[in-house]
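Notes for the one structure printed next.
The values are calculated or read from the model by the stated rules, or taken from the named source; none is laboratory data. All values derive from a computational prediction rather than experimental measurement. In this analysis, Cβ positions are derived from the backbone assuming ideal geometry, glycine residues included, and neighbour counts consider all displayed protein chains.
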Amino acid sequence: MSSVGHQLATSVLVVGTGASGLRAAIEVAEAGVSVIAAGKSVAGGAHSAITSGAVKTASVPARPSTTWEQRAARMLLKSHSLADTHAVLNVARNCPKAFHDMENYPSFLLHRGHFESGMHRALRERADQLAIPMLSRLYVTRLLVDDGVIFGAYGFDLVDGSRYTVHADAVILAMGGHTRLWQRTSSRRGENTGDSFRLAVDAGARLRDAEMVQFCPYGLVEPENAAGTLVSDAVGDAGGILLNNLGERFMRRYDPERMELTHPEKVALASHAEIKEGRGTRGGGVWLDLSHLPRETVLTRLPGLHQALIDLQMVDITRDPVEVAPTAHYSLGGVWVRPEDHSTDVSGLFATGETASGLHGGYGLEGDLPLELLVYGQIVGQAAVDYSAGLTGQQRSKGAVRAAEADVNRLLSADGDQNVRAMQRSVRRLMTERAGVLRHEAGLIAGLAELDEIESRMEGIGVHVEISGFQDLAYVFNLRSAVLSARATLESALERRETRGCHTRSDYPNVDPELKVNMVWSPTAGVSREPVAPIPADIAKLMSGMSADNMPTE
């Protein structure tokens, strides 16, 4: 196959066409600056969820009694002291404006009861209005860098294999996180495979808090094509209970006072313990039961869930329980960025959304996840515009382009006997077993040894381009991304010898005050500890009057 392909140029390239990428691209386009958005799938969200009817509206800044200082205090408290203070203050101050800006989009107002789906729809429609070019089948294999300065990206078309070289003054990574590394995840197939982490690190950036991954307790176990789809936490508020295979309401053992209404990470840990100790279902989950509730209560409070489970499993939740299990949902860590503009260690490279780190620390509030992408979508888009405008010349390197081209050519000629999909499954197994909901030193060390073995086998990979397209080639790059992201996660989890937020160590069950630091990782330097910025006195005073145990989880 000829490697001659498309040559494109733009001021700003956004890699990723989910909500965070679209918001950043819109900001650039509205500034009158040329922008291209590239992604390996059609624009949309990267996580799947069944809501109770509407996403909880606490996710929008609609509480008149909540000041931005109170919101900041709440976010910092829930982060278990690991969030970047400046990032939190940025979001807390700017989220009302970011939300109200969305109200200019008619489709958002129409669907605002379903906040996130309405947001995705509105952003896509606005991008279409602005005629932002979308390369929806482009798999980016490498960012183009010369002497620490970004100048574009290289990739191939997933259907016909044609190559793309996109020259750009600035690049914004918005490709999600790495939750697809676990066997059960709310991410769609092919999304959140750690691509953004690998691209950033290969370009010269670092990762921060890769060990911090949010596991939600209510992920569906079946059917296979919907496994990991999240059931809204509203099932607990409605009176849903969790049972093991003995019919016991096991949360009595773990939190007898709050039971299913305790923090989601505690529920996930309890479910994990029941499954590991042999009291789980045949499918490897536990039972979520609402059959004790009046039928009208379920139909009124959980109409979306009721209908969805009839469609997916032919299960009527007013009569029968449904299997659920802890599910990797959100990468709280990600690419190291500066809080003021989400720039990275590489000049001209920015990151936003789940790709970036800093805002959430050790725990992510459900409602803050969409607000993050709205606020920082605006900030990072404007930062990329300003960076491009400030350049006096355009960086180029034929050598960097040739290296990217040669990498793809070499893989296309690879005819080894190692199966890429089998190795991907091996990574998911080891991450689930060694770095899942509950971790310990021996398991993390064993996971790194298993990862070494997988990495050595990668030299014998075979790539088979079939009539259906170049998906097999994409799987190889997905595997590279998974291995790098897995190593960062395992090494960071090993270094964090404590239990804090979403990171639970059975061998270090308590919080270590000395580890109120971020774990920053690179393949050459390994893990280093970075101090967290101090909290302003007025915000700290508000935090002292709040209780993490009684705080709402949205």
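Within the range 238-270, the set of residues being of a type outside the set (A, V, I, L, M) and closer than 19 Å to G364 by Cβ comprises T262, H263, P264, E265, K266. Within the range 241-269, residues that are assigned to a strand (DSSP E or B) sit with their Cβ atoms under 9 Å from residues that are surrounded by fewer than 17 Cβ atoms within 10 Å (Cβ to Cβ), at 6+ positions apart or across chains, in these pairs: I241/R249; I241/H292; L242/R249; L243/R249.
Of the residues R206, R189, which is closer than 24 Å to I454 by Cα, in contact with a Phe, Trp or Tyr (Cβ under 9 Å, 6 or more places away or on another chain) and either in the same structural domain as R301 (by TED's automatic domain parsing) or of a type outside the set (G, A, S) (or both)? Step through it out loud before you land on a result.
Working: R189 fails: in contact with a Phe, Trp or Tyr (Cβ under 9 Å, 6 or more places away or on another chain).
The conditions single out R206.
Give me the residue from the range 393-429 that is closer than 13 Å to N478 by Cα and without any contact (Cβ under 8 Å) to a residue 12 or more places away in the chain and, out of that set, farthest from the chain's Cα centre (by Cα). So the residue we want is A422. If you filter the range 95-115 down to residues that are surrounded by fewer than 19 Cβ atoms within 10 Å (Cβ to Cβ) and outside any loop (DSSP other than H, G, I, E, B), you find that the one that is modelled with the lowest pLDDT is L110. Inspect the range 345-355 for any residue being in contact with an Asp or Glu (Cβ under 7 Å, 6 or more places away or on another chain), of a type in the set (S, T, N, Q) and surrounded by 21 or more Cβ atoms within 10 Å (Cβ to Cβ) and give the result as yes or no. No, the conditions are met nowhere in the range 345-355.
Looking across L230, L220, L243, one residue alone is closer than 30 Å to P294 by Cα and in contact with a Cys (Cβ under 7 Å, 6 or more places away or on another chain). It is L230. Screening N478 with (1) more than 26 Å from A87 (Cα to Cα); (2) surrounded by fewer than 23 Cβ atoms within 10 Å (Cβ to Cβ) gives one miss only, at (2). A384 meets all of the listed conditions (1) modelled with pLDDT of 95 or more; (2) surrounded by fewer than 24 Cβ atoms within 10 Å (Cβ to Cβ); (3) not in a loop (DSSP other than H, G, I, E, B) but one, namely (2). Exactly one residue among G228, G280 is buried (at least 21 other Cβ atoms within 10 Å of the Cβ), outside the structural domain of L369 (by TED's automatic domain parsing), under 25 Å from the mean Cα position of the chain (by Cα) and not in a helix (DSSP H, G or I), and that residue is G228.
Identify all residues within the range 121-153 that are farther than 18 Å from R402 by Cβ and part of a loop (DSSP other than H, G, I, E, B); write none if there are none.
Answer for the range 121-153, where residues must be farther than 18 Å from R402 by Cβ and part of a loop (DSSP other than H, G, I, E, B): L130, A131, I132, P133, S136, R137, G148.
For the range 297-316, check the following and say yes or no: at least one residue is without any contact (Cβ under 8 Å) to a residue 24 or more places away in the chain, in the same structural domain as V231 (by TED's automatic domain parsing) and hydroxyl-bearing (S, T, Y). Checking the range 297-316: at least one residue is without any contact (Cβ under 8 Å) to a residue 24 or more places away in the chain, in the same structural domain as V231 (by TED's automatic domain parsing) and hydroxyl-bearing (S, T, Y).
The set of residues in the range 345-384 being over 18 Å from the mean Cα position of the chain (by Cα) and on the phi < 0 side of the Ramachandran plot consists of D345, V346, S347, L349, Q378, I379, G381, Q382, A383, A384. Identify all residues within the range 453-467 that are free of Cβ contacts under 8 Å to residues at least 12 places away in the same chain, out of contact with any helix residue (DSSP H, G or I) (no Cβ under 9 Å at 6 or more places or on another chain) and outside any loop (DSSP other than H, G, I, E, B); write none if there are none. Selection gives S456 alone.
Given the criterion out of contact with any Phe, Trp or Tyr (no Cβ under 8 Å at 6 or more places or on another chain), over 25 Å from V33 (Cβ atoms) and not basic (K, R), identify the matching residue among S357, S413.
Residue meeting the stated conditions: S413.
Filter the range 318-375 down to the residues that are among the hydroxyl-bearing types (S, T, Y), assigned to a loop (DSSP other than H, G, I, E, B) and farther than 21 Å from H120 by Cα, then identify the one that is modelled with the lowest pLDDT.
Y363
Of the residues that sit in the range 1-38 and are over 15 Å from Y387 (Cα atoms) and of a type in the set (S, T, Y), which one is modelled with the lowest pLDDT? Step by step, filter the range 1-38, then rank; the result is S2.
Scan the range 387-426 for residues that are in a loop (DSSP other than H, G, I, E, B) and not hydroxyl-bearing (S, T, Y) and jot them down.
From the range 387-426, those in a loop (DSSP other than H, G, I, E, B) are 390-397, 413-414, 416-417, 419; that's our starting set.
Those that are in a loop (DSSP other than H, G, I, E, B) and not hydroxyl-bearing (S, T, Y): G390, L391, G393, Q394, Q395, R396, A414, G416, D417, N419.
For the range 231-269, the set of residues classified as more than 23 Å from the chain's Cα centre (by Cα) and either small (G, A, S) or on the phi > 0 side of the Ramachandran plot (or both) consists of G236, A238, G239, G240, G247, M259, listed by residue number.
In the range 468-499, how many are outside any helix (DSSP H, G or I) and more than 14 Å from T141 (Cα to Cα)? Count: 6.
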